[in-house]
Amino acid sequence: MDSLVGRWIVVMALVLCMAEATIFAQGIPPGEAAQRMTVAEGFEVKLVASEPLVRQPVAIDFDDRGRIWVMQYLQYPNPAGLKRVKVDQHTRSKYDRVPKPPPHGPKGADRLTILEDTDGDGRMDRAKDFVNGLNLASGFAFGHGGVFVLQAPYLLFYPDRNRDDLPDSDPEVLLTGFGMDDASSVANSLTFGPDGWLYGCQGSTVTAVIRGIKFVQAIWRYHPVSKKFELFAEGGGNMWGLDFDRHGNLLASTNVGGFTMLHMVQGGYYWKQFSKHGPLRNPYTFGYLEHMPHKNFRGGHVTVGGTLYQGDTFPEEMRNKYISTNLLSHEIHFHEIQPDGTSFRSEHGGELVKANDTWFAPNDLTVGPDGAVYFSDWHDKRTAHPNPDADWDRSNGRIFLLQAKGARSEKHKNLLQIPSDQLIRILDQSNEWYVRAARRELVTRGDKGIWPQLRNVLSESKNDRLTLNILWTLASMGGLDQQTALKALTHQNEHIRAWTVRLLGDEQNISPPVAEQFNRLAKSDPSAIVRSQLASTAARIPAKQGLSIAHTILLRNADGKDPYIPLLLWWAVEQHAMSAIDDIEQRFVNQSAWQNSLIREEILNRLMQRLAVEATPRTLAVCKKLIESAPSSIDEQNLLTSLDAGLAMVSRRRIRKKRLEDRVPADLKQWLAEKWNRQPSDFTLIKLNGRLGNRAVADYALKVVTNDQTEQQQRRTMFNVLRQFGDASSIAPLLPLLAPHQPAWLKQATMDVLARYDDERVGETLLKAYTDYDSNSRAYARRVLFARPEWTKRFLTGIDGGMYDPREVSLGELTSLSNSKDESIKALITKHWGQINSSTAEQKITEIRRVRFNLKTTGDPKRGHGLFTKHCATCHQLFGEGKKLGPDLTTANRKDLNYLLESIINPNAFIRKEFVSSVVLTQDGRVLTGIIVKETPTQIVLADNKNKESTVRREDIEEIHNASVSLMPEDVLKPLKDQELRDLFSYLQSEGTNKH
């Protein structure tokens, strides 16, 4: 690994030195940067701060006195004082120890700095550190008489109660366990929610374990008073940036191309790139929420630092627009947000700022007290996800403001000098910055003497915005008593009712009067927004209360088309399903439940699967009753499909403890067997009976596949059955189907089944028939042969004897074989093909230099489109064409020629996690290499570099580990002529409009 990293550094250093002059003409000096930007009509950009005053800014915000604070992420990407003991090919690092918190741990280069404009010219001219020596500190937030700081693995609190800009003491460690694996994905974006909780994002390629909760990507929150920690919502991608709209909805930025944000709701489970980041923590979600649908996406795939504009100096039409940075397109965008049921959809509104500078790397946005939008610029020639040892230029960094031309803002109010009773008035200001700052100051003061005033305004105000802000403030201060809350539950405004439900539910144990009111709302509240929050809350409170609320909403049958409510209701039911199974049976296993379309379509099949997964006599008995209650054959068939899916999820550990077929009640097994006898071709019944040990299933499947009078699709289906439930007794009957004269599809389907068995008859048959096969069947045969070392050696030895043509073995196959631990296989590969994927750093430099020289002349993107289809589309997608086995090139950093050349010519230098190939060793001796493109609790699906898939049952797997090299060969460009290289790269770097 060290040598690989070393070669990578050498290559990148030389590549960058040889870059085109036009590339390095970027990096505009700070004094010229704003003038070079293209700014939307009616707006202007001004430089606020730049190097050397600020460098590598990662987070910015304004304090109560109107000063800019900036986190300078100078230690990025490696922590100081730790020894990296391991780094994998997707940049995740492991260190020799967990550092102690500051000031006791290693001192890093990061600093939290206060910037001031002492002469009033609009430019920051003085900087002082509030704290320095931080070590990968990624975010901060003001409140409670100090500053909260994120420094993985810690959430820290630096008290500064006398407001002298010096910490009163060493920091208090509030949380520990945030992941340090990847500095571009660490916990980030500390933001106080309107409810008084401190919210943050968790990135993609780091793993956190906090108070026993292990998670990868999520929105998490911490309560500074109660000290509670919890996941607010899970999933979402590598989120960096969150904000709350005027109604308190949480919107988070995303790095997923085609989308700009996620609407995160309490208890929600969201999309993840599951092949890369693994499953959701709850394996029984049986669905997930998606990104906010977006129209007219523009720019690169990394959207960060998004904020809702809620100031009052931009034109009125910009209010409540979502403004975000686009890191890869070097721009600032704004987006329209429109309601979509209880969630939202978005649409690209336009570009506010185009930097015209490829070094411009915007990463955070905030609205200042003056109503202007301030954005930080990391400013570096690098935008690609780096190797941990990449060389970053830490000398640069800027902060700009975007304001409406001619805008005038009021003189800044120092909230520290305003009495509490007058701060309440500020909660109604149109400038959201002052509203949040006033709420923060009131919470910090904790003045219980103003509670009566707050409660009075809450009860009497006709201003819904003010009422909502009062509700949040009172709750954040701990002053929302039951009497006040019960009254708020009857308020005319749906957001006030919904937020009162949420605030009461946060206690996770509600009183009888509150439970009664919740049920009343569930039964009759006209607002879907209220019902959505009730569904979220139902999963948080005790089972009896939660199931009553969820069931009542389901019975209304009003929310089937909402994008969020059906799944939220299911998650509430699932949360209590096992602890309250009697209640579950009473509510959902009856004829009336089937008559409700929302219950029938969203709950019952998921419930069947959840009960089946538990696989206890009690849950399986309820499964049988649920099947018996089905009013139609279609409903029954859907339940059987869910039953099969649930039984398929039963873990190997539980099977070993007691076999699955022994756990299932005899009457259910008998019923399934009898039903299959009546419907012998029903695939679901076949799988269920096979899963429960009915030997007749394999016999039936074998009979079908060996009968050449049976139609092809039925035979293919039964081959799938044999792969799952067959045994070695099927080998002899299947061997004749490998004969060269058999149809190609039949030979290949037979190979897929027989590949499971380490039986010399299989290898012998394939080796003997190999030369008489068609080319596609020979490729299939090699996949089977190369999965077993002994068969591989016999094939390679056959090349020695002239039996097989070495030219047929693809470079991709050789790349996979180069992962073998068998030295004799490696020796035979070297003998016939030389070293695979092992060119030296100097050779890579030479190849990069050769290709770059050729690219000085422009190619034809139309011809390049054909070359892409031929050479790249098997694994990569571009402009909607091709396969997504490898990275989607559409939103990749294609404009950066250096990045593109390095990625293609030196594919092993850095492999993103989701594209790291795996080597799977099976218990029967096979060795399979490919990218895991699908995982279930019972099997995985591997795709090789020709995108051919192989399915492996988990119970057959002995070991899985990462391959040492990419599936993409190093020499992929070698066959191309000079003009073809120019044409291909012209298309790869195009906008996709000239492909035909």
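The values are calculated or read from the model by the stated rules, or taken from the named source; none is laboratory data. These numbers come from a predicted model, not from an experiment. As a convention, Cβ positions derive from the backbone with ideal geometry for all residues, glycine included, and neighbour counts pool all protein chains shown.
Values for this structure:
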read-out	value
Count - residues of the stretch 334-358 that are farther than 24 Å from Met264 by Cα and not small (Gly, Ala, Ser)	7
Spans of strands (runs of 3 or more DSSP E) in the stretch 47-114 with at least 1 residues more than 24 Å from Gly143 (Cβ to Cβ) and modelled with pLDDT under 95	84-87, 93-95
Test: residue in the stretch 875-887 that is more than 30 Å from Tyr773 (Cα to Cα), crowded, with 20+ Cβ neighbours inside 10 Å and at pLDDT 75 or above	yes
Residue ID - nearest to Trp359 (Cα to Cα), chosen from residues in the stretch 396-417 that are surrounded by 12 or more Cβ atoms within 10 Å (Cβ to Cβ) and modelled with pLDDT under 95	Asn396
Single unsatisfied condition, Gln670 versus (1) in the same structural domain as Thr765 (by TED's automatic domain parsing); (2) exposed (fewer than 14 other Cβ atoms within 10 Å of the Cβ)	(1)
Test set (1) under 20 Å from Gly179 (Cα atoms); (2) surrounded by 14 or more Cβ atoms within 10 Å (Cβ to Cβ); (3) not polar (S, T, N, Q) - Val85 fails condition number	(2)
So Asn431, is it farther than 30 Å from Tyr564 by Cα and surrounded by fewer than 16 Cβ atoms within 10 Å (Cβ to Cβ)	no
Candidate set from the stretch 203-232 (those that are surrounded by 24 or more Cβ atoms within 10 Å (Cβ to Cβ) and in a strand (DSSP E or B)); member that is nearest to the chain's Cα centre (by Cα)	Ala218
Residues satisfying the stated conditions in the stretch 707-742, i.e. small (Gly, Ala, Ser), exposed (fewer than 14 other Cβ atoms within 10 Å of the Cβ) and closer than 17 Å to Ala696 by Cβ	Ser729
Residue in the stretch 406-416 that is within 20 Å of Thr191 (Cβ to Cβ) and in contact (Cβ under 8 Å) with a residue 60 or more places away in the chain present	yes
Residue pairs meeting the criteria (Cβ under 7 Å; at least 6 apart or on separate chains; first in the same structural domain as Leu262 (by TED's automatic domain parsing), in the stretch 225-243; second basic (Lys, Arg))	Phe229/Arg211; Glu230/Arg221; Phe232/Arg221; Glu234/Arg281; Gly235/Lys272
The stretch 807-830, subset assigned to a loop (DSSP other than H, G, I, E, B) and not hydroxyl-bearing (Ser, Thr, Tyr), residue nearest to Val919 (Cα to Cα)	Asn819
Residue list for the stretch 512-539, filter: surrounded by fewer than 19 Cβ atoms within 10 Å (Cβ to Cβ) and in a loop (DSSP other than H, G, I, E, B)	Pro526, Ser527
All positions within the stretch 540-577 that are surrounded by fewer than 24 Cβ atoms within 10 Å (Cβ to Cβ) and not in a helix (DSSP H, G or I)	Arg540, Pro542, Asn557, Ala558, Asp559, Gly560, Lys561, Asp562, Pro563, Tyr564
Helices (runs of 4 or more DSSP H) contained entirely in the stretch 594-707, each with at least 3 residues that are in contact (Cβ under 8 Å) with a residue 60 or more places away in the chain	604-614
